[in-house]
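Asks: Below is a structure I'd like to ask you about.
The values are calculated or read from the model by the stated rules, or taken from the named source; none is laboratory data. Quick caveat: nothing in here was measured; it's all calculated off a predicted structure. Note that each Cβ is placed from the backbone with ideal geometry, even for glycine, and that neighbours are counted across all protein chains shown. Heavy atoms of the whole protein, side chains included, go into the accessibility calculation; ligands, DNA and RNA do not. Shrake-Rupley method; radii C 1.70, N 1.55, O 1.52, S 1.80 Å.
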Amino acid sequence: MPGAAPDTPAPMNGHESAIPVPRPFDFRKHGHAMVDWIADYLDRVEQFPVQSTVAPGWVRSQLPVHPPEHGEPWERIAADVDRVILPGITHWQSPNFFGYFPANASGPAVLGELLSAGLGVQGMLWSTSPACTELETHVMDWLAGMLGLPAHFQSGGPGGGVIQDTASSATLCALIAARERATGFAGTRDGLQAARGPHLVAYATADAHSSIEKDVRIAGLGAANLRTVPMRADRAMDPAALARMMDEDRAAGRVPFFCVAAVGTTGTHAVDPLPELGPACARHGAWLHVDAAHLGIAALCPEFRAIHAGLEHADSYCVNPHKWMLVNFDCDAFWVRDRAALVQALSVLPEYLRNSATESGKVIDYRDWQVPLGRRFRALKLWFVIRHEGTEGLRALVRRHVALAARLRARIAADPALELVHPTPWSLVCFRARAGDDATAIIQSGVNDGGRAFITHTRVDGRLVLRVSVGAPTVAERHVDALWDLIRGAR
Ligand code: PLP
């Protein structure tokens, strides 16, 4: 094992082996201790200052300049987790963590992660571990059903789901498939610089996630060809503006090929109007990708399914169980209406990967649905969580977070010094001080500086806005009430 010194080899068949075998690592003993450590950590996570307070460079200053020449005792390594790592941790699982969007985790998910590492499977092809592929297809079908997604995303037809690392990667895959569909696969064949290539244009609002511009850049389309579609007063995409911009681009000889609609923008949870965006995209043959990275999980609850109205128009859709469904990072669920475009865009089959299962055409090789070749067995943690919680357990999680957000929203609404900003009925609360940005900034430092809670901010129309994102696994009324006391005390 890594870190262990070579030892005298065991005799084999009565002979001494000339090649030394590493001393075995007592995985059982140290593994049990590590699981105990994690369980204790999660039990006491609330006691830590939520945000790490170490200065830049502190963690590295605790580490030796050079790696050890000889393996160290495990106990010494494990002790450094407390000494060096823990002070540099921001405690995302703390019930006092209200920053960004959550990245909530759970025991079953962590065990799924551990099992995945223990099995050490690399699931690039069906044949490299059939269970890795088939479990993934199956739980993705389950999840599509749990979220009430349109039937065209189920794997039984031309579509299907795949687990990506992140929403950023899912959108990149959608973008590449869209680019290839729009160019008759010229992008992969000739390259975009081919003079005869069409001028492709993509669309999203200014509130769409930054990963979309990054993906457009990575795909070689140029950030200038990502058009910023104006928003309505509620910060959702203006469908009339989209239709007009697409028509203008078409009239000027450009090709509207890709539109990203958000179901729950990062800033304020705005939901772009899919029922109207769908037909606008369809008129130009543009691929409609729906980024529901965080809010999409709310659709587990039938009472919140309206967020997905119009999803039948979507060519692809992604949501992150690693944000709001107790599956530890990373786990993005990505579905496409027609996997052929994706697979044709991303499949390259060298001789060394050829195998009879692939050639039979009866199996899925998920390496063709993503950017990297290799892939982890992420379906295990998703499977464990879904089975342990059940759909009803996951709905209860969403409902608790939504109810806690409503509790805080009501207090802010009743306070004359504060105002809600674009309130939505889910788990994100956006607000600011009526007195202006300086007063708003004072509230943020008042909440964060003592380490008792953690919130983040954004800007809306140039003005500072505080975001309280309720989503920690164990958050309860008392944590939200304590947060409110901090806000009230700082305002
Ligand atoms: N899309 C939205 C709406 C998000 O809020 C986020 C992250 O918060 C992302 C995409 C990016 O997520 P990921 O880290 O999975 O790429």
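Asks: Tell me the label-point distance for the pair Leu119, Asp80, using the 7 Å Cα-to-Cβ offset, in nm and rounded to one decimal.
Replies: Once both label points are built, they end up 3.1 nm from each other.
Asks: On full extension of the chain, what length is gained from Ala410 through Asp437, given 0.36 nm per residue of separation minus the C-alpha to C-alpha distance? Spell out each step's value before the answer.
Replies: Numbers: separation 27, 0.36 × 27 = 9.72 nm, distance 2.17 nm.
Between Ala410 and Asp437, full extension yields an extra 7.5 nm.
Asks: For the range 272-302 and the range 79-105, what is the separation of their Cα centres, given in Å?
Replies: Here the answer is 33 Å between Cα centres.
Asks: To continue, here is another question. Pull out a ≥ b ≥ c, the square roots of the eigenvalues of the alpha-carbon gyration tensor of the chain, then state rounded if a/c is under 1.5, prolate if not and a/b is larger than b/c, and oblate in the remaining case.
Replies: Here the chain falls in the oblate category.
Asks: To continue, here is another question. First check a/c for the range 121-376, with a ≥ b ≥ c the square roots of the eigenvalues of its C-alpha gyration tensor; if it is under 1.5, answer rounded, and if not, answer prolate when a/b is larger than b/c or oblate otherwise.
Replies: Values: a/c = 1.96, a/b = 1.20, b/c = 1.62.
Oblate.
Asks: Between Glu312 and Thr90, what length in nm is gained on full extension when 0.36 nm per residue of separation is reduced by their alpha carbon distance? Can you show the working numbers first?
Replies: Numbers: separation 222, 0.36 × 222 = 79.92 nm, distance 3.92 nm.
Gain on stretching Glu312 to Thr90: 76.0 nm.
Asks: Further question on the same structure: Between Glu248 and His32, with labels modelled 7 Å along Cα→Cβ, what's the label distance in nm to one decimal, could you check?
Replies: So the two model labels end up 6.9 nm from each other.
Asks: Express in % the proportion of alpha carbon pairs of the range 401-440 at distances exceeding 11 Å.
Replies: The calculated P(r) of the range 401-440 puts 59 percent of pairs beyond 11 Å.
Asks: While we're here: Ranked by accessible surface with a 1.4 Å probe, highest first, in what order do Trp37, Trp369 come?
Replies: The ordering from most to least exposed comes out as Trp37, Trp369.
Asks: Turning to a different aspect of this structure: Please work out the average accessible area per residue across the range 393-491, using the 1.4 Å probe convention, and give it in Å².
Replies: Details: 4020 Å² over 99 residues.
Roughly 41 Å² per residue, with all protein chains present.
Asks: Within the accessible area of the range 121-376, what % is carbon and sulfur when the probe is 1.4 Å and the other protein chains stay in place? Walk me through the intermediate numbers first.
Replies: On the way: 5180 of 9360 Å².
About 55 percent, which is the carbon plus sulfur part of the accessible surface.
Asks: At R0 = 41 Å, how high is the FRET efficiency between Leu373 and Ala403 if r is their beta carbon distance? Nearest 0.05 is fine. Please report the intermediate quantities before stating the final value.
Replies: Details: r = 44 Å, r/R0 = 1.07.
After rounding to 0.05, the efficiency reads 0.40.
Asks: Antiparallel versus total DSSP beta bridges in the chain: what percent is that, nearest 5?
Replies: Values: 25 of 42 bridges.
Antiparallel bridges make up about 60 percent of those DSSP assigns within the chain.
Asks: Based on DSSP H runs of at least 4 residues, each adding -39500 (n - 2.57), what is the mean residue ellipticity at 222 nm of the chain after dividing by all its residues, to the nearest 500 deg cm²/dmol? Spell out each step's value before the answer.
Replies: Values: 16 runs with 190 residues, N = 491.
-12000 deg cm²/dmol, from helical runs alone.
Asks: Using 7 Å Cα-to-Cβ label points, what is the Asp190/Ala490 separation (nm, one decimal)?
Replies: 5.6 nm
Asks: Taking the radius of gyration and the Kirkwood hydrodynamic radius from Cα positions alone, what is the Rg/Rh ratio for the range 105-225, to two decimal places? List each step's numbers first, then the result.
Replies: Numbers: Rg = 17.9 Å, Rh = 17.2 Å.
That ratio equals 1.04.
Asks: Any chance you could run the full-extension gain for Ala131 through His66? It's 0.36 nm times the residue separation minus the Cα-Cα distance, nm to one decimal.
Replies: Extra length available between Ala131 and His66 comes to 19.3 nm.
Asks: Share of antiparallel DSSP beta bridges in the range 121-376, in percent to the nearest 5?
Replies: Details: 11 of 27 bridges.
In the range 121-376, approximately 40 percent of DSSP beta bridges are antiparallel ones.
Asks: Is the range 196-301 rounded, prolate or oblate when judged by the Cα gyration tensor, a ≥ b ≥ c being the square roots of its eigenvalues, rounded requiring a/c under 1.5 and prolate requiring a/b larger than b/c?
Replies: On the way: a/c = 1.93, a/b = 1.49, b/c = 1.30.
Prolate.
Asks: Just the number please: accessible area per residue for the range 85-141, 1.4 Å probe, all protein chains included, in Å².
Replies: Working: 2130 Å² over 57 residues.
Using a 1.4 Å probe on heavy atoms only, each residue of the range 85-141 averages 37 Å².
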